[in-house]
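The values are calculated or read from the model by the stated rules, or taken from the named source; none is laboratory data. Quick caveat, the model's predicted, so the values are computed rather than measured. Neighbour counts are summed over all protein chains in view; Cβ atoms, including those assigned to glycine, are modelled from backbone coordinates with ideal geometry.
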Amino acid sequence: MLTTARPLGTVSLIPLALLLGCGPKGIALGDDTATLDPHTPVISVSGGALDPLLAAETLLDVTADNGATVRVSVTDAAGTTVRTLADGLTMVDAIAWNGRDDTGALEPVGTYTVHADLLDAAGSVLTSTTSTFYIVRVGVLSGTLSGDRIPLIWHRNGNYWEEASTDPTFEVAAIDDGTTATPLPPLWDDLEQPPEDHVGHTLPAAYPYDVQPTITLSAGGDIGDAPVELEIAGWGTAQSVSPGDAPVFERATPLATGPGVVEETLTLTWSVDGVPIGVQSLPARFYATLGTPTFEQEGPPYEPWVAAIDPALRAIQGVEGTDEAVLSALTEWIYRDLGLVYDTRYGASAYTQYAGRGYDRGEFDFTSFLSRRNGSTINCSDCASILEGYSDMIGANLEYTIILQNFDLNFIKSIGATDYTHCPFGSQGCGFSYHAVTTPDDATTIYDATLALDGDDDPGAAPFTELLVQTIDGQEYLDRLVMSGNASYMHTQKEYLR
Amino acid sequence: MIVFLSALIHFGFAASGIVHSGIPVRQPDLGEPAFQSAENGWSAPLADGQGLVRVYVGRDADAAADWFERQRESFSRPLPDYAFADVAAGDGLGVLLFRDGNVAVMVKSTADNALSLATSLRERIVDNAAPPAIAAMRRTEDGWTIDAPGAVHSRVVGGGNVPFATAAEGGLIGVYVQRPTEITVWDAFGRATVIR
């Protein structure tokens with residue numbers, strides 16, 4: 001038991017902090033004593049509630065004056081004294097109670113009464129007061145993020161597990177094991193392997209970045225008659241909660257100002273009569289996308305893959321929430337940062353094949369690409385597939401388009417290269433038989449992560465000014481890319497994912 | 001109860017040309033196979049990390065010839081003809097693309113041994129194997145159960161929340177809460193069967 005001392009003779013009602021680390025608040029039940037007759041014996045006690053598994057103990061604020069000693073005890077609803085907290089103390093300011101009786105046994109959930117007596121030197125009661133005290137057990141059994149939530153996919157070896165947008169974000173088997181409160185589950189960090197079930201993990205969730213997510217919690221526990229409230233910091237106001245309730249909280253602000261990854265800890269504060277009695281922390285990861293996926297098809301695998309959007313959104317974190325900004329950022333990320341190198345020997349694809357003649361129905365083996373299973377040497381079909389795959393998952397629409405056929409090149413700096421050349425295949429060739437790029441608008445605008453153009457007035461000769469292919473007019477792109485030969489855009493279409 | 005079995009891409013009834021059973025998908029000098037689609041076959045990195053093979057087993061030689069041409073046109077630098085098998089392209093060093101009957105193979109090697117790898121793979125072509133694996137979908141109390149005796153890999157589109165259905169002993173490949181819209185299964189020789 002903890003007591004803090006103040007000499008008898010001083011008078012105050014100081015709300016004491018609960019031993020929760022959640023702020024100095026207390027419940028004051030007695031009268032303010034600032035105008036007391038100095039000869040009137042006075043005692044007051046305050047303190048409201050305890051969840052013994054969320055907080056080890058709570059402090060009862062006891063103030064006394066004009067007496068000799070103090071006695072503080074707790075009775076249960078039947079009037080039986082279950083704990084004597086103080087008897088004969090001459091100085092007291094706060095008394096801790098851990099919710100246990102005099103034998104050390106934990107008292108059950110219920111309503112209790114704290115009795116405080118001020119005694120004279122002979123042990124006679126000068127005055128008494130009481131305060132209601134609640135022992136409760138609170139907790140959350142599950143939580144489901146909703147409100148425009150985009151289903152996520154975990155993929156492995158070409159197979160997919162798609163969460164339903166109504167699936168719980170986390171579950172716990174029970175709010176406690178009888179002696180210890182169950183902490184809210186940690187984040188599921190595996191980007192490829194989903195958990196076997198929802199218990200014991202908090203899954204990430206994807207939303208368009210300008211959405212205010214909501215979370216529906218499932219309250220458990222036992223609170224008796226206590227007026228319990230639950231609040232999530234930054235997710236609206238406190239709500240009255242009883243076991244079995246499903247309170248819904250909405251994030252007070254949109255997820256982000258643009259695409260990216262939002263990682264935060266949701267702080268759940270339980271309180272009784274406005275006084276915090278316990279805090280639980282829920283780790284959360286939100287993938288803030290530009291919008292819903294822009295694939296032509298729906299359902300797995302045409303949803304955001306956790307293993308794909310996690311690094312992509314981190315890479316473009318901070319960009320403006322527009323298609324142009326996102327596509328430009330993805331283009332630069334792929335061109336500069338993924339360690340990819342153009343196949344200057346054959347121009348062979350490593351991850352893209354076409355299921356139909358004439359570059360029809362491009363199939364991108366995104367699964368293998370993510371692990372670089374076939375290496376990092378790629379060609380234009382791969383770059384177009386990679387860019388389209390990431391952008392469509394994030395919500396920025398792209399299609400691949402094929403530039404045909406057999407044309408000679410101006411100077412380019414292919415992905416992974418350090419120098420400009422107009423003969424990417426050296427002595428074996430100074431042109432492309434075809435070239436795959438991406439477009440959001442039927443080749444009016446081009447994005448290309450395969451190469452950088454020469455951006456000056458003469459793209460066919462040195463010096464070179466690096467021009468990444470971001471939001472470039474389709475005709476300008478051809479003018480800068482092609483030195484000679486007929487080149488035109490054909491076969492614009494969406495890719496297939498594998 | 002078999003609910004439906006349709007749109008079967010069947011093997012062994014080619015209209016023309018030699019029809020092989022395929023090439024075993026697991027080879028000591030190849031890495032773990034990745035199964036692309038019924039139209040594009042399977043692929044595997046070389047075990048030494050110095051290249052990649054793609055293998056397509058068509059229902060007939062025409063289907064393999066179509067795959068061969070699709071592969072060939074996806075090279076940004078045109079591949080020259082090469083004298084090997086029924087038809088081939090490449091230089092025999094870093095790349096060799098060939099077709100033998102209904103089997104077509106692309107070998108890419110940074111060790112410049114594409115010809116020897118292609119020769120070795122061609123020698124591993126299998127004939128007269130058992131019929132290809134076929135998937136069947138049954139409605140059960142738990143949802144939809146897919147059985148595919150002999151399948152080594154499957155890809156299920158739709159089906160709902162079942163973590164990673166994979167081939168298992170006895171051919172059971174998964175129980176799905178929703179009815180899958182497409183199931184592709186591959187057998188040990190790389191033959192793909194699709195039901196929709």
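Looking across the range A:293-322 at every residue that is of a type in the set (Asp, Glu) and closer than 17 Å to B:GLY158 by Cβ, the one that is surrounded by the fewest Cβ atoms within 10 Å (Cβ to Cβ) is identified as A:GLU298.
For the range A:170-185, the count of residues that are within 14 Å of chain B (Cβ to nearest Cβ), β-branched (Val, Ile, Thr) and without any contact (Cβ under 8 Å) to a residue 40 or more places away in the chain is zero. B:MET137 meets all of the listed conditions (1) within 25 Å of A:ARG357 (Cα to Cα); (2) touching a residue at least 24 places away in the same chain (Cβ under 8 Å) but one, namely (1). Annotation: B:ARG54 fulfils all but one of (1) within 18 Å of the chain's Cα centre (by Cα); (2) assigned to a loop (DSSP other than H, G, I, E, B); (3) among the charged types (D, E, K, R); the unmet one is (2). Taken as a whole, the structure leaves A:GLY321 outside the set of residues that are within 14 Å of chain B (Cβ to nearest Cβ), in contact (Cβ under 8 Å) with a residue 60 or more places away in the chain and part of a loop (DSSP other than H, G, I, E, B). Within the range A:349-388, being on the phi > 0 side of the Ramachandran plot and touching a Phe, Trp or Tyr at 6+ places or on another chain (Cβ under 8 Å) holds for A:TYR359, A:ARG361.
Looking across the range B:74-83, the residues that are surrounded by fewer than 20 Cβ atoms within 10 Å (Cβ to Cβ) and more than 7 Å from chain A (Cβ to nearest Cβ) come down to B:PRO80, B:ASP81, B:TYR82, B:ALA83. Does A:TYR359 qualify as being in contact (Cβ under 8 Å) with a residue 24 or more places away in the chain and either more than 10 Å from chain B (Cβ to nearest Cβ) or more than 26 Å from A:ALA487 (Cβ to Cβ) (or both)? In short, no. Which ones in the range A:333-356 are away from chain B (no Cβ under 14 Å), touching a strand residue (DSSP E or B) at 6+ places or on another chain (Cβ under 6 Å) and either without any contact (Cβ under 8 Å) to a residue 60 or more places away in the chain or in a helix (DSSP H, G or I) (or both)? Passing the criteria: A:ILE334, A:TYR335. A Cβ distance below 8 Å, combined with a sequence gap of six or more or placement on separate chains, defines the contacts here; from the range A:411-436, residues that are at the interface with chain B (Cβ under 9 Å from one of its Cβ atoms) reach residues that are of a type in the set (Asp, Glu) and not in a loop (DSSP other than H, G, I, E, B) in the pairs A:GLY431/A:ASP408; A:SER433/B:GLU73; A:TYR434/B:GLU73.
For A:LEU330, are the conditions met, namely being among the hydrophobic types (A, V, I, L, M, F, W, C) and either more than 30 Å from A:SER427 (Cβ to Cβ) or touching a strand residue (DSSP E or B) at 6+ places or on another chain (Cβ under 6 Å) (or both)?
Numbers: among the hydrophobic types (A, V, I, L, M, F, W, C): yes; either more than 30 Å from A:SER427 (Cβ to Cβ) or touching a strand residue (DSSP E or B) at 6+ places or on another chain (Cβ under 6 Å) (or both): yes.
Yes.
Looking at this structure, is A:GLY362 closer than 18 Å to A:TYR489 by Cβ and surrounded by fewer than 19 Cβ atoms within 10 Å (Cβ to Cβ)? In short, no. Would you confirm, using the coordinates I've provided, whether A:THR130 is more than 14 Å from chain B (Cβ to nearest Cβ), closer than 30 Å to A:VAL72 by Cα, assigned to a strand (DSSP E or B) and modelled with pLDDT of 90 or more? It is true that A:THR130 is more than 14 Å from chain B (Cβ to nearest Cβ), closer than 30 Å to A:VAL72 by Cα, assigned to a strand (DSSP E or B) and modelled with pLDDT of 90 or more. Tally the residues that are part of a helix (DSSP H, G or I) and either of a type outside the set (Asp, Glu) or closer than 22 Å to A:GLN428 by Cβ (or both), restricting the search to the range B:58-90. Qualifying residue count, the range B:58-90: 11. For the range A:236-259, state whether one or more residues are of a type in the set (Phe, Trp, Tyr) and part of a loop (DSSP other than H, G, I, E, B). Checking the range A:236-259: not a single residue is of a type in the set (Phe, Trp, Tyr) and part of a loop (DSSP other than H, G, I, E, B). Among the criteria (1) at pLDDT below 90; (2) more than 39 Å from the chain's Cα centre (by Cα); (3) more than 26 Å from A:ARG137 (Cβ to Cβ), the one A:ARG71 does not fulfil is (1).
Quick check, is A:TYR302 within 14 Å of another protein chain (Cβ to nearest Cβ) and assigned to a loop (DSSP other than H, G, I, E, B)? So A:TYR302 fits the description; yes. Residue-level check: of (1) under 30 Å from A:GLU192 (Cβ atoms); (2) away from chain B (no Cβ under 12 Å), A:ARG372 misses just (2).
Scanning the range A:365-391 for residues that are surrounded by fewer than 24 Cβ atoms within 10 Å (Cβ to Cβ) and of a type in the set (D, E, K, R) gives A:ARG372, A:ARG373. Taking the criterion of being surrounded by fewer than 18 Cβ atoms within 10 Å (Cβ to Cβ) and under 29 Å from A:GLU324 (Cβ atoms), the residues of the range A:423-450 that qualify are A:ASP441, A:ASP442, A:THR444. Selection within the range B:147-178: residues that are modelled with pLDDT of 75 or more and more than 12 Å from chain A (Cβ to nearest Cβ). The member of this set that is farthest from B:ARG59 (Cα to Cα) is B:ASP147.
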